[in-house]
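Please treat every number below as a calculation from the coordinates, not as lab data. Not measured: the values here are computed from a predicted model. Positions of Cβ are backbone-derived with ideal geometry, glycine not excepted, and every protein chain shown enters the neighbour counts.
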Amino acid sequence: MERVRRWWARWWAGLRRGETRPIVGLVATAAIVVLLIAAAVVLPARSERPPAAVSSGPPTLEPTPAAATVPAEGTPFRLITPGPTIPAGHWRWRGQVLDIEGKPLAGVCVHIGPGDCRFNSIRTDDDGRWVIDFPQVDVMYEFHFTKDGYQRDDETIRTQGPGELNIRMVRS
């Protein structure tokens, strides 16, 4: 504590004699602190912000919830399915879910891994088709196909390339 008091006394004494060194040191230190705080606040905020989209028409007023947000009651929710182009470094797996009579089953939950089907799990379309893009890694996946009124179908696949998995579900 004594060292701090002596340093402070020397700093004030130099300032009273008209020396500018204490002021320059204080200003430089303050500028560095301000720059560090500004960088800590601005840079993370800038990286988290999505790029601005250019729109040619009027803004859409229909809300679309984020994938991790449960949609509010009455809110339309459309699951974004993979596009026609397979992302680099991925293998596309696809399939169709049919009933025992060979009719396509729409709305079947295609769930991967432990747990249950969730609101944002993949679902089959009107033709009973589903599509999932996987990273190009040799891995075993547990697939679960569930739909009310049908027996659950569990399949284990190994992704060593693109593939197809067609399922026939039996009424419960």
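Using alpha carbons only, the radius of gyration of region 90-169 set against its Kirkwood radius gives Rg/Rh = 0.95. The modelled label-to-label distance for the pair ARG168/VAL139, using points 7 Å beyond Cα in the direction of Cβ, is 3.1 nm. Approximating the spin labels as points 7 Å out from Cα along Cα→Cβ, the HIS90-to-ILE37 distance works out to 4.4 nm.
Here the Karplus relation 6.51 cos²θ - 1.76 cosθ + 1.60, evaluated at θ = phi - 60°, turns the backbone of region 85-90 into coupling constants of 9, 7, x, 4, x, 10 Hz, with x for every Gly and Pro. Label sites at GLU2 and ALA106, each approximated as a point 7 angstrom past Cα along Cα to Cβ, lie 8.8 nm apart.
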